[in-house]
Amino acid sequence: ALQDPSLEQLAFQFESLWRASGACNVQLSGGEPTMRDDLPEIVGLARKRGFAFVQLNSNGLRLGREKGYAAALRDAGLDSVYLQFDGPDDAAFLALRGKALLERKLEAVRRCGEAGLGIVLVATLVPGINDEKLGALLRLALKLGPPVRGLHLQPAASFGRYPWELATAPRLTLPEVMRKLARQSGGMLQVTDFHPPGCEHSMCSFSAVYR
């Protein structure tokens, strides 16, 4: 069976990353990183090596459930949580995760905010499930600020937990996501606001920054 890398292995990987990229941003992802009880130590390793920004990619369940956990990660040097958050109500969570999780996600947002962690809400989009909830999700993200500092929308890919055949998979293109978000925003956003980031292919990602 596969085993999680040891702290020594992770320290070596951080050192290799530092040599290749310098003080870049680091995201700790998985699986679910909060399954490791030594996650604060892992965050500390990244900080000790000098990385300027450390983000956790998480479903947020432990963050919302365990009192003091978000604060412990912040004390270890964590800056931000990239929080799985599929919709403004439980319909998307039931369809995509099999459970009604909205209240648990909101509790994670609350605890992270109290700990001083920034939060990016991350929705996996599937046509017919949550692609018509983008405006409502945007309004919820604004309501949850200032701890919530971003909203990330990613169309589901047809592999892993979504094992559709590619030819018949429910698909959303990035232009469709932009148009739906702009239309549902009630005038807050326009398609022309968005641009490709400089570090990725223009067909793979888009973003916009608002004040």
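The values are calculated or read from the model by the stated rules, or taken from the named source; none is laboratory data. Predicted, not measured: the structure shown is a model, and the values here were computed from it. FYI the Cβ positions are ideal-geometry reconstructions off the backbone, even for glycines, and counts take in every protein chain you see. To get the accessible areas, we keep the full protein, side chains included, count just its heavy atoms, and leave off ligands, DNA and RNA. Shrake-Rupley method; radii C 1.70, N 1.55, O 1.52, S 1.80 Å.
Is it the case that segment 34-41 has a residue that's open to solvent by less than 20 Å² (accessible area, probe 1.4 Å), at pLDDT 95 or above and in contact with a helix residue (DSSP H, G or I) (Cβ under 6 Å, 6 or more places away or on another chain)? Yes - at least one qualifying residue is present in segment 34-41.
Tallying residues that are in a loop (DSSP other than H, G, I, E, B) and open to solvent by 20 Å² or more (accessible area, probe 1.4 Å) within segment 120-140 yields 5.
Of all residues being within 26 Å of Gly60 (Cβ to Cβ), in contact (Cβ under 8 Å) with a residue 12 or more places away in the chain and in a helix (DSSP H, G or I) in segment 3-16, which is most open to solvent (accessible area, probe 1.4 Å)? Just the residue, please. By that ranking, first place goes to Leu7. For Pro175, the criteria (1) at pLDDT below 95; (2) within 15 Å of the chain's Cα centre (by Cα) hold in every case but one, which is (2).
Can we say Lys99 is surrounded by fewer than 22 Cβ atoms within 10 Å (Cβ to Cβ), under 30 Å from Leu181 (Cβ atoms) and of a type outside the set (A, V, I, L, M, F, W, C)? So Lys99 passes the test. Are any of the residues in segment 62-81 open to solvent by less than 20 Å² (accessible area, probe 1.4 Å), over 24 Å from Glu15 (Cβ atoms) and under 14 Å from the mean Cα position of the chain (by Cα)? Yes, there is a match, as at least one residue in segment 62-81 is open to solvent by less than 20 Å² (accessible area, probe 1.4 Å), over 24 Å from Glu15 (Cβ atoms) and under 14 Å from the mean Cα position of the chain (by Cα). The set of residues in segment 178-204 that are part of a loop (DSSP other than H, G, I, E, B) and exposed (fewer than 14 other Cβ atoms within 10 Å of the Cβ) comprises Gly186, Gly187, Gln190, Pro197, Gly198, Cys199, Glu200, His201, Ser202, Met203, Cys204.
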